[in-house]
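Take a look at the structure below.
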Amino acid sequence: MASQSGVPNTAIVGLQWGDEGKGKFVDVLAAEHDVVVRFNGGANAGHTIVVEGEKLALHLMPSAVLNPDCELVIANGTVIDPSILVKEIELVEARGLSLEGRFHVSSRAHVVLPWHSLLDGAAEARLSNRGEAIGTTKRGIGPAYADKIGRSMAVRIGDLLDEPYLKAHLGKMAPLRLEELKVAGNDSAIDIDTLLSDLLRLGERLRPYITDTTWLLHDRVNENRSLLFEGANACLLDVDHGTYPYVTSSNASALGISPGTGLPAKSLGRVVGVVKAYSTRVGGGPFPTELDDAIGNRIRDRGHEYGTTTGRPRRCGWIDLVALRYAAMVCGADSLAITLLDVLSGFDVIKLCTGYRTASGEVLDRFPPDARLLKECIPVYESHPGWAEEIDQCQSISDLPEACQSYLHSLESHLGVPIEFVSVGPDRRQTMRRTLQPNSGEDSCCHPGSLENA
Ligand code: IMP
């Protein structure tokens with residue numbers, strides 16, 4: 001499926017545990033697409049866009065918001081805290097960017113209500129006592145999706161525009177919820193009248209943007225506009241295909257696009273998998289290549305690996321090709337965007353995990369479906385020579401030190417997916433791009449001359 005300009009509908013998804021730097025590629029690729037669509041997650045995601053040194057931190061708004069020619073859609077598969085969305089709208093408008101007529105929010109998307117974050121926090125406290133905390137962002141994501149699936153206690157964005165319905169609905173369910181909170185040990189007094197008037201006020205503020213985005217997106221496809229799907233969170237946090245239960249509560253892999261937008265799978269033309277040059281994870285859950293040592297600390301310091309949403313220090317480790325092969329397969333990645341490569345300058349040796357040794361001594365090359373088994377896995381590493389030079393000013397792949405080019409080549413050949421982008425810094429200009437020829441995956445490598453700058 002391609003637009004008039006021949007640009008296929010593209011998905012940008014993280015292939016690790018999030019924070020791969022997807023926002024930058026959405027920003028870069030938005031220039032080639034007409035519509036940018038968020039299909040999953042909520043304010044648990046965080047992206048910082050840097051343009052000419054200026055930073056904008058967003059959680060809900062699609063990352064392409066700075067591009068005035070792009071239409072922006074938050075589709076049905078998301079969960080939205082309307083107060084956060086309104087704040088982001090105001091932040092964007094304060095920069096003189098108009099959203100009128102180009103920003104749309106699905107009436108089918110679900111509302112994150114104040115008790116969702118309280119229930120999220122209470123569940124985490126309970127799990128934490130047993131040493132099993134998921135380490136959620138406490139943004140109420142899990143409880144909001146649970147209500148969506150449970151049906152009777154949910155509020156959708158469209159409901160914010162229907163006062164009589166919302167009043168009656170809250171009146172029925174709020175007492176149950178407050179009781180539930182009390183049982184969970186939280187006596188927070190949520191005043192229902194205040195909540196109702198807040199929700200109605202926020203609904204009014206959002207009214208110009210609320211629409212049936214399923215029809216809107218089908219219209220855009222029929223008009224041959226090109227769509228860019230922006231994944232939030234990442235493949236290994238996908239509720240079905242990630243390291244369950246240490247996952248988020250939505251389909252955060254490329255597989256979430258159809259249910260999260262109402263578009264059939266055939267609408268998707270290509271998938272760009274975003275991969276950090278090393279691994280990070282926030283919160284709990286198995287992480288075979290985690291480095292709880294000076295190397296891990298150095299990666300954290302150089303990569304500024306602290307959460308955009310929670311500020312938590314991220315767990316850091318070497319790249320995990322077993323997990324990545326699986327994630328690239330599940331997402332159907334056509335090409336890769338390698339990010340934060342500059343962070344790896346100055347290491348004598350860089351390691352790549354190519355297999356997992358289980359407690360029984362067996363070496364796995366397939367990512368296991370069971371977090372308990374994954375927790376027991378010991379990584380099998382291939383060592384690669386490092387490079388001393390800083391590379392953040394490199395303009396093309398051929399400028400990169402030889403050992404660095406060879407590291408990229410190793411990633412590509414292990415994963416069997418061609419590298420399309422390489423990022424060596426947060427700015428849009430610190431991005432190299434390779435023009436991929438159809439079926440070039442086989443002999444693809446990052447040899448000088450095969451790349452150009454984006
Ligand atoms: P939740 O999405 O807040 O329920 O958190 C579930 C798990 O997913 C936790 O381990 C979070 O740290 C992780 N998580 C959710 N969103 C992101 C993200 O955008 N980047 C990194 N980790 C995330």
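The values are calculated or read from the model by the stated rules, or taken from the named source; none is laboratory data. Nothing here was measured: the structure is a model prediction, and the numbers come from that model. All Cβ positions, even for glycine, are placed from backbone atoms using ideal geometry, and neighbour counts span all protein chains on display. The area values use the complete protein model at the heavy-atom level, side chains included, leaving out ligands, DNA and RNA. Shrake-Rupley method; radii C 1.70, N 1.55, O 1.52, S 1.80 Å.
Protection proxy ranking for 147-157, 341-351, 246-256, 365-375, using the average of other Cβ atoms within 10 Å per residue and placing the highest first: 246-256, 341-351, 147-157, 365-375. Counting only Cα atoms, the range 332-420 measures 45, 32, 18 Å along its principal axes, largest extent leading.
Think of a 1.4 Å ball rolled over the protein heavy atoms: the chain then has 41 Å² of accessible area per residue.
Scaling the Cα radius of gyration of the range 242-304 by the globular reference 2.2 N^0.38 Å produces a ratio of 1.51.
Average 1/r across all pairs of distinct alpha carbons in the chain, invert it, and you get the Kirkwood radius: 22.6 Å.
Averaging over every viewing direction, what projected area does the convex hull of the Cα atoms of the range 6-92 cover, in nm²?
6.0
Taking the DSSP bridge list for the chain and keeping only pairs wholly inside it, about 45 percent are antiparallel. Close amide H pairs (under 5 Å, H built 1.01 Å from N) link V112 with I80, D81, residues at least 5 positions away or on another chain.
Beyond 22 Å in Cα-Cα separation lie the following of the pairs K24/K55; K22/K375; K148/K172; K55/K87; K87/K276: K22/K375; K87/K276.
Between helix 321-331 and the chain there is an angle of about 50 degrees, using the helix long axis and the longest principal axis of the Cα atoms. Rolling a 1.4 Å probe over the protein heavy atoms of the chain, with every protein chain left in place, gives an accessible area that is 50 percent carbon and sulfur. The simple Förster model, with R0 at 35 Å and r as the Cβ-Cβ distance, assigns N129 and E382 a FRET efficiency of 0.30. The angle separating the long axis of helix 402-415 from the principal Cα axis of greatest extent in the chain is about 60 degrees.
Over every pair of different alpha-carbon atoms in the range 110-208, take the mean of 1/r and invert it; report that Kirkwood radius in Å. Roughly 14.2 Å, rounded to one decimal.
Each of the peptides 29-40, 62-73 was scored by the mean count of other Cβ atoms within 10 Å over its residues; in descending order, highest first, they stand as 29-40, 62-73. Between A133 and S128, the built amide H atoms are under 5 Å apart, and every one of these is 5 or more places off in sequence or on another chain. Considering all C-alpha pairs of the range 1-147, those separated by over 26 Å amount to 30%.
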